[in-house]
1. Restrict the check to segment 144-154 and report whether at least one residue is at pLDDT 95 or above, more than 13 Å from ligand 1 (Cβ to nearest atom) and either under 20 Å from TRP29 (Cα atoms) or over 16 Å from the mean Cα position of the chain (by Cα) (or both).
2. Out of PHE12, PHE64, I need the residue that is open to solvent by 20 Å² or more (accessible area, probe 1.4 Å), hydrophobic (A, V, I, L, M, F, W, C) and either at pLDDT below 95 or within 17 Å of the chain's Cα centre (by Cα) (or both). Which one?
3. Of all residues in segment 156-194, which are within 16 Å of ligand 1 (Cβ to nearest atom) and in a loop (DSSP other than H, G, I, E, B)?
4. Going by what's in this entry, would LEU206 be described as outside any helix (DSSP H, G or I), within 16 Å of ligand 1 (Cβ to nearest atom), touching a residue at least 60 places away in the same chain (Cβ under 8 Å) and surrounded by 15 or more Cβ atoms within 10 Å (Cβ to Cβ)?
5. Evaluate the following for LEU51: is it without any contact (Cβ under 8 Å) to a residue 40 or more places away in the chain and surrounded by 14 or more Cβ atoms within 10 Å (Cβ to Cβ)?
6. Looking for whichever is free of Cβ contacts under 8 Å to residues at least 24 places away in the same chain, within 21 Å of PRO100 (Cα to Cα) and open to solvent by 60 Å² or more (accessible area, probe 1.4 Å) here; the options are ASP128, ASP194, ASP171. Which one fits?
7. When you check ILE197 against the structure, is it assigned to a loop (DSSP other than H, G, I, E, B), over 26 Å from VAL126 (Cβ atoms) and in contact with a helix residue (DSSP H, G or I) (Cβ under 7 Å, 6 or more places away or on another chain), yes or no?
Amino acid sequence: MEITPSILTADFCRLGETLEEASAAGINWFHMDVMDGNWVVNRTITFGPALIRSARQHLGNDAFIDCHLMITNAEETWDQYVDAGVDMVIAHIEAVDDFPALIANLHGAGVQVGCVLNPATPVDGVMDLLPDLDLVLVMSVVPGKGGQSFMPEVEGKARAFRSAIDAQIADGGRVTKIMIDGGVKNHNAALVADWGIDIAVVGSGLINDRYTITENLEAIRTALKT
Ligand code: DX5
Ligand code: ZN
């Protein structure tokens, strides 16, 4: 299972150093949490395309960058993230009216597409889109801030996506990846790997005041081996 950092707990004045430290520790996929002050329940504002563009320039073209859009108007603003240099746009099924059109627009622009669903959202609407999705993101917290407690009750949804995607791949279809986001740390990394998750977002468990990114990542990798 691959680990990707959420940078919400980073010191943004030192973001370049944090990204370099993560790269040096072997991380190649970076997860950018965009909140617009409207869509998430606690009205948080994080950052937008300008910061993502800076991260792209700092990391170079070899890094893989996704943006997790927790915003009301992804259908109107997706191109700003494409222009900022992301490799993948992940939009919420609950926040988009015409998801097939968004997929077509993003694929037409040469960018991968992910669809994310909240803990309370059933899998059905996302399952219908699976053949065209590059990634499904299962939220294991209610989006809004880092450092929340993991919700193990999303296991059934993660496993349902795993089965459906395995069947899709066996039929020669798209190799859709499954990501999980929220509350993942070294104590539950092996659990979500067992559910069939390909990529885990780790925020406060990776970027914190207690240990370095390298030390935190090592603890997660050790937990995954045991
Ligand atoms: C939740 C965000 C996250 C989250 C991850 O609203 O999408 O990516 O901040 O942070 P931790 O790992 O601290 O839950
Ligand atoms: Zn996220």
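The values are calculated or read from the model by the stated rules, or taken from the named source; none is laboratory data. Fair warning: this is a prediction, and the values are worked out from it, not measured in the lab. Ideal geometry is used to build each Cβ from the backbone, glycine not excepted, and the neighbour counts take in all protein chains shown. Keep in mind that these areas ignore ligands, DNA and RNA; they rest on the heavy atoms of the full protein, side chains included. Shrake-Rupley method; radii C 1.70, N 1.55, O 1.52, S 1.80 Å.
1. yes
2. Going through PHE12, PHE64 in turn, the sole match is PHE64.
3. GLY182, GLY183, VAL184, LYS185, ASN186, HIS187, ASN188
4. Answer is yes for this residue.
5. Criteria met by LEU51.
6. After ruling out the rest, the residue left standing is ASP128.
7. Criteria not met by ILE197.
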